[in-house]
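For reference, the structure is listed below as structure tokens.
What follows draws every value from the coordinates through simple rules; no lab data is involved. All figures in this text were calculated on a predicted structure; none of them were measured in a lab. FYI the Cβ positions are ideal-geometry reconstructions off the backbone, even for glycines, and counts take in every protein chain you see.
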Amino acid sequence: MTATLASASQQLDRVGFLDLEVDPTLDLVAEINRLKKEKNAIILAHYYQESEIQDIADYIGDSLGLSQKAAATDADIIVFAGVHFMAETAKILAPEKKVLLPDLKAGCSLADSCPPALFRKFKEKYPDHIVVSYINCTAELKTLTDICCTSTNAVQVIESIPKDRPIIFAPDKNLGAYLIKKTGRDMVLWNGACMVHEIFSQERIVKLRQRHPNAKFIAHPECETHILDMADYIGSTTGLLKFTISDPSQEYIVATEAGILHQMQKASPHKTFIPAPPENNCACNECPHMKRNTLEKLYLCMKYELPEIVLADWVIRDGRASIDRMMDISEKAGLISG
Ligand code: 13P
Ligand code: SF4
């Protein structure tokens with residue numbers, strides 16, 4: 001059984017996006033704004049999107065904030081400037097709405113690291129365990145999950161589970177290890193990771209800190225333990241952004257996808273933000289999946305209302321329960337993101 005009904009290539013073939021050239025003289029920002037009004041559409045963007053996409057979005061946020069916005073919007077169309085699992089989550093939360101993703105191939109290495117068929121077998125070995133899945137997983141994996149979580153509410157989700165219930169945490173082993181430390185709960189971890197957050201170099205960060213002794217080092221919990229152990233602050237993308245706004249320091253070394261620096265710099269123009277260096281000189285701290293979305297693709301997807309996220313009814317029904325539980329826990333804990 002497959003969760004997504006129409007493949008990317010089927011949908012792209014239908015509109016011929018691959019052959020379409022956008023008129024280079026077109027004012028894309030004006031066109032996107034016009035389409036937004038005409039179609040009563042809302043653009044939700046994650047912080048890892050290109051700056052020009054963030055600048056045209058109606059809301060920019062972390063995974064929890066984006067989910068909360070998707071659930072609450074009265075727009076007819078949700079244009080999701082993010083990756084596939086995020087748009088799927090929006091569809092699960094707002095099944096009556098049309099959810100568009102500018103590039104259906106915008107995936108996620110973390111979600112890919114946990115194929116539902118393998119996870120089902122894994123889960124069978126632990127029949128007494130509660131399954132907590134990081135929201136960075138496929139819609140189908142959510143149907144095998146008891147409670148979802150994001151980096152903002154993961155601690156509260158784990159703490160909501162009775163102490164005598166054993167837990168499986170999937171798919172991010174780094175976030176899982178962080179949560180074990182933070183909550184003192186033992187958990188069985190799925191062996192997945194994010195390709196972007198695994199690339200930071202401890203040695204180069206140490207050297208950078210020597211050159212910037214007043215800089216604070218802040219990190220996303222998807223980073224590996226030895227990187228998190230050096231951090232002055234650990235949090236979700238929204239958490240990191242808020243920290244740089246309220247904290248008095250003037251300089252930060254930031255260990256997460258580099259797209260977040262755009263909002264940090266906008267919010268605190270007088271401060272200095274330095275992306276944490278990766279293992280080699282590649283641009284590996286940019287997520288290649290997030291960066292598949294471009295302003296041109298955003299325009300085309302709004303114009304043709306494709307590619308659309310289409311999920312089977314059973315996936316929406318069974319996946320929704322795990323997200324609803326997460327939303328309840330977040331609400332009770334007062335976690336309104338962004
Ligand atoms: P948050 O924005 O929820 O912290 O998640 C980061 C991420 O990896 C999204 O893909
Ligand atoms: Fe997935 Fe990592 Fe990209 Fe986030 S940054 S979408 S977790 S690959």
Given 10 °C, 1.306 mPa s and a Kirkwood radius over Cα pairs, the Stokes-Einstein diffusion coefficient of region 56-188 in µm²/s is 102 µm²/s
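Given a cut-off of under 8 Å on Cα pairs at least six residues apart, what relative contact order in percent is computed for region 67-127?
32 percent
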Along the dipole axis of region 217-338 (charges at Cβ: +1 for Lys and Arg, -1 for Asp and Glu; origin at the Cα centre), the most positive-end residue among N280, H270, M290 is H270
Here, the chain modelled as identical Cα point scatterers in vacuum has Debye log10 I(q)/I(0) at q = 0.10, 0.16 Å⁻¹ of -0.58, -1.44
The answer for the net charge of residues other than R292 whose Cβ lies under 15 angstrom from its Cβ, with Lys and Arg +1 and Asp and Glu -1, is -4
Scoring only Lys, Arg, Asp and Glu (+1, +1, -1, -1) among other residues with Cβ under 15 Å from the Cβ of G239 yields -2
Computed on Cα atoms only, the convex hull of region 235-338 has an orientation-averaged projected area in nm² of 10.1 nm²
Site D55, offset 7 angstrom along Cα→Cβ, radius 19 Å on amide nitrogen, limited to region 252-269, gives 258-269
Excluding residues fewer than 8 positions from K163 in its own chain, the lysines with Cα under 29 Å of it are K121, K123, K125, K142, K173, K181, K182, K332
Out of S236, A215, Y178 - ranked by how far each Cα lies towards the positive end of the dipole of region 171-246, with unit charges on the beta-carbon of charged residues - the top one is A215
Everything considered on the Cα gyration tensor (a ≥ b ≥ c; rounded for a/c under 1.5, else prolate if a/b is larger than b/c, else oblate), region 102-178 must be described as oblate
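Please report the antiparallel percentage of DSSP beta bridges with both residues in the chain, rounded to the nearest 5. Can you show the working numbers first?
Values: 3 of 35 bridges.
Once the DSSP bridges in the chain are tallied, antiparallel ones form about 10 percent.
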Correct response: the longest run of the chain lacking exposed GluC sites (Glu not before Pro), defined by DSSP loop and at most 14 other Cβ within 10 Å, is 97-278
Along the dipole axis of the chain (charges at Cβ: +1 for Lys and Arg, -1 for Asp and Glu; origin at the Cα centre), the most positive-end residue among I130, A94, T73 is I130
So, over other residues within a Cβ distance under 15 Å of I167, counting Lys, Arg +1 and Asp, Glu -1, the net charge is +3
Per the C-alpha gyration tensor (a ≥ b ≥ c, the square roots of its eigenvalues), region 24-95 is rounded if a/c is under 1.5, else prolate if a/b beats b/c, else oblate; here it's oblate
Note to self, the chain gives a 222 nm [θ] from helices alone (DSSP H runs n ≥ 4, -39500 (n - 2.57) apiece, / all residues, nearest 500) of -11500 deg cm²/dmol
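Mean separation of Cα pairs under 8 Å and 6+ residues apart, divided by the residue count of region 67-202: what relative contact order is that in percent?
Working: 213 pairs, mean separation 27.6, N = 136.
The value is 20 percent.
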Out of T183, T89, T256, a Gaussian network model of the chain with alpha-carbon springs under 10 Å gives the largest mean-square fluctuation to T183
Quick note, region 179-266: a/c under 1.5 would make it rounded; otherwise a/b > b/c is prolate and the rest oblate (a ≥ b ≥ c, C-alpha gyration tensor); here it is prolate
Applied in sequence order to region 136-144, the curve 6.51 cos²θ - 1.76 cosθ + 1.60 (Karplus, θ = phi - 60°) yields integer Hz couplings, x standing for Gly and Pro, of 6, 8, 5, 4, 5, 5, 5, 6, 9
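If R0 is 25 Å, what FRET efficiency do you get for A30 and A267 from their C-beta distance, rounded to 0.05? Let's see the in-between values first.
Working: r = 26 Å, r/R0 = 1.04.
The computed FRET efficiency comes out at 0.45.
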Largest fluctuation, D318, D58, D146 only, Gaussian network model of the chain with Cα springs under 10 angstrom, belongs to D58
Taking Cα pairs closer than 8 Å and at least 6 residues apart, the relative contact order of the chain in percent is 24 percent
